[in-house]
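Undergrad: Please see the structure below; I have some questions.
The values are calculated or read from the model by the stated rules, or taken from the named source; none is laboratory data. Keep in mind the model is a prediction, meaning the values are calculated, not measured. With ideal geometry, Cβ positions are generated from the backbone for all residues, glycine too; neighbour counts draw on all protein chains shown.
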Amino acid sequence: MCMRGELLMLCPNCGEKATGKFCSNCGTALKSEDTIVRINGVDINLSEIMRECGDARIKAIKSLRSQTGLGLTDAKEIMFKAYEGKHIPEYTHKPNQKEKKSSLRKRLVSLLMIVGLVGMVFIVVTGKIKYYETLRLAGESRGYIGRESKILESQEGIEQVFNKLRDRKEFEDGEIYLYDFSLSNERIYAIIQDTTIESNFDRYAYNGTRLFRPSWSKGDPINAATLMDGKSIDINDLSPQGIHRFYTQINNYLDKNNVELPEDHLIQIRVHTNLTSALPELTSSVSGLREDLSFKSDLDGDDFEVKDQ
């Protein structure tokens, strides 16, 4: 049995396992120089590993792997050669295709994490991401982290939100009749006629401030008996261009008259199905700013009127 600290070797004459300076079987002098092999650019003393592990080859293989990071197959081959006294050339590991893909994947994940972190910092610093408060109590504030939303700032933005509603499964036939429809830069609320039960209506909401993939959500149904008498309007009769034009004219009026909007005040636009008029119209007010200031126009943004009492 090989004692701890002794180097186990094979006798070059009789091939028997031996320790010390001479073979205990035939008396042949044994070489005592340490076996040092360069593995992946680092000198590894295999003799030292064998002295530490004795005849426990599995333990020796584990020790080599822990020092070099070699795979099981490569470490086993090297240690077996060392125990058998065979020549071990300098070893440089060449990764196989699977290892290359794994390494590339890890580097790509690291890069994406760095880019994502830098992007998040930039977005927060520039105000693209902010805290939206949903409830304020004494000494307590509730809300969520969201992104800046400017639905009404462009015709394309409004069209995109309309198309997301059309893409919902329940509207595959293209028929969307709106009983009530209100928009702001951050959110859109709608009451839409049910596609299967015409006497019922459903609540829908779009939150443009959601951090990831803003989309429409469906709320609880509403029985028509609970609604005031009114008209429904086909969504195809609404013009994103007209809504954007109406919004632009409101902003122009506010700028011209030096009316500054506080950060938490939004321009609200509502599609009003007027019972006393044959045609629906767009109406608007700046919620919480001035109750006596309102705007209206037709669906194309024409006939713009300001009510300033």
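Undergrad: Go through the stretch 141-175 and count every residue that is of a type outside the set (D, E, K, R) and surrounded by 15 or more Cβ atoms within 10 Å (Cβ to Cβ). Steps first, please.
TA: Residues of the stretch 141-175 that are of a type outside the set (D, E, K, R), as a first pass: 141, 143-146, 149, 151-152, 154-155, 157-158, 160-163, 165, 171, 174.
Now narrow it down to the ones that are surrounded by 15 or more Cβ atoms within 10 Å (Cβ to Cβ): 146, 149, 151-152, 155, 157-158, 161-162, 165, 171.
Looking only at that region, the number is 11.
Undergrad: In the stretch 140-161, what count of residues is obtained for those that are in contact with a helix residue (DSSP H, G or I) (Cβ under 8 Å, 6 or more places away or on another chain) and among the basic types (Lys, Arg)?
TA: Selection size over the stretch 140-161: 2.
Undergrad: hydroxyl-bearing (Ser, Thr, Tyr) and either touching a Leu at 6+ places or on another chain (Cβ under 7 Å) or at pLDDT below 90 (or both) - does that describe any residue in the stretch 294-305? Step through it out loud before you land on a result.
TA: Just the residues of the stretch 294-305 that are hydroxyl-bearing (Ser, Thr, Tyr), to begin with: 294, 297.
Then drop every residue that is not either touching a Leu at 6+ places or on another chain (Cβ under 7 Å) or at pLDDT below 90 (or both), which leaves 294, 297.
Yes - at least one qualifying residue is present in the stretch 294-305.
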